[in-house]
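The values are calculated or read from the model by the stated rules, or taken from the named source; none is laboratory data. From a predicted model like this one, the values you see are computed outputs, not experimental measurements. In this analysis, Cβ positions are derived from the backbone assuming ideal geometry, glycine residues included, and neighbour counts consider all displayed protein chains. Keep in mind that these areas ignore ligands, DNA and RNA; they rest on the heavy atoms of the full protein, side chains included. Shrake-Rupley method; radii C 1.70, N 1.55, O 1.52, S 1.80 Å.
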Amino acid sequence: MTVHKNIQVAVADDHTLLRNALARLINSFENYKVLFEASNGQDVKEKLSKHIIPDIILLDVNMPDIDGYDTAKWIYKNFPQVKILALSMFSDENIIIRMLRLGAKGYIMKNAEPEELKLALDSVLHKDFYLSELISGKIISGLHKDMDKPNEPVSLTEKEREFLKWVCTELTYKDIAGKMFVSPRTVDDYRNSCFEKLGVKTRVGLVIYAIKHNMVEI
């Protein structure tokens, strides 16, 4: 399928040299263009409030004035169509899980290779989430710490449980429909049912639930 328009990306990081380097790198990716750069959360808010709306925002967690946590929460509430890819130099599981719960679609380290950044952008755009093997491992580690007291999983049908297992892969919803031998519309029904039963709103939320209740191995 031919892409006719550039994917608009915003880069928010308080380190000017790194921010500029990331912008140049993203502009070098085919079909991607940096719409704006921001030095902190306040800068992001001002630009989005002027309706300068990107498809994806690469959002640093640690910024002065308004950090990545509060910025992500604000974006998710006011501009839910903007997909957030969290960026950090830290791989602490608490930071990762907190950003995902605040609406980030994925999390990438600042020491990642350029190829991983491109993969993460593509995955967030087309599959609505990105979890590398490292980040998946960190999430599992963090969630296991919260599993001291029993917590029975919500009652799911066999098909919904199968759907959750496929959700934890790199497959798109359309691909999942093919694997389950059902229509894309039926997969949408499984997804919406799981959203309602589990009290989550995103694919990342489904993945976290599946991992926490040992429904899938990553």
Bins of 10 Å from zero: percent of alpha-carbon pairs in the range 1-62 | 24, 52, 21, 3
T157: accessible area at probe 1.4 Å, nearest 10 Å²?
-> 60 Å²
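Between K179 and R24, what's the calculated FRET efficiency when r is the beta-carbon distance and R0 is 41 Å? Round to 0.05.
On the way: r = 39 Å, r/R0 = 0.94.
Result of the calculation: an efficiency of 0.60.
What does the convex hull of the Cα atoms of the chain come to per residue, in Å³, rounded to a whole number? If you can, show how the numbers build up before the last one.
Values: hull volume 27.9 nm³, N = 218.
Convex hull volume per residue, Cα atoms: 128 Å³.
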For the chain, the dipole about the Cα centre with charges only on Cβ (Lys and Arg +1, Asp and Glu -1), to the nearest 20 debye, works out at 560 debye
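Students often get this wrong, so check it: of K73/K179; K47/K174; K118/K197; K174/K197; K45/K197, which have C-alpha atoms separated by over 28 Å? Walk me through the numbers before you get to the answer.
Details: K73/K179 34 Å; K47/K174 34 Å; K118/K197 34 Å; K174/K197 22 Å; K45/K197 33 Å.
Beyond 28 Å: K73/K179; K47/K174; K118/K197; K45/K197.
Using a 1.4 Å probe and counting only protein heavy atoms, arrange R161, R203 so the residue with the most accessible area comes first. Walk me through the numbers before you get to the answer.
Values: R161 95, R203 0 Å².
Greatest to least solvent exposure: R161, R203.
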Of W166, V200, S183, whose Cα points farthest to the positive end of the dipole of the range 158-213 (charges on the beta-carbon: +1 Lys, Arg; -1 Asp, Glu; origin at the Cα centre)?
-> V200
How much accessible area per residue does the range 7-146 have, in Å², with a 1.4 Å probe?
-> 46 Å²
Whole-Å semi-axes of the ellipsoid equivalent to the range 158-213 (Cα gyration tensor, √5λ, descending) = 17, 12, 9
Surface accessible to a 1.4 Å probe, S155 within the full protein complex, Å² | 100 Å²
Interchain or sequence-distant (5+) residues whose placed amide H lies within less than 5 Å of the amide H of I66 are G41, Q42
Simple spin-label model, 7 Å along Cα-to-Cβ: K73 to E113 in nm?
-> 3.7 nm
In terms of modelled amide H atoms, which long-range or inter-chain residues lie less than 5 Å from the amide H of K83?
-> I56, I57
Exposure of L25 as accessible area (Å², to 10), given a probe of 1.4 Å and all protein chains = 50 Å²
State the percentage of accessible surface on the chain attributable to carbon and sulfur atoms; use a 1.4 Å probe and exclude ligands, DNA and RNA.
-> 51 percent
Calculate the radius of gyration of the Cα atoms of the range 46-132 to one decimal place, then report Dmax, the largest Cα-Cα distance, as a whole number, both in Å.
-> 12.2, 34
On a 0 to 90° scale, report how tilted helix 16-28 is relative to the longest principal axis of the chain, with both axes built from alpha carbons and the result rounded to the nearest 10.
-> 70 degrees
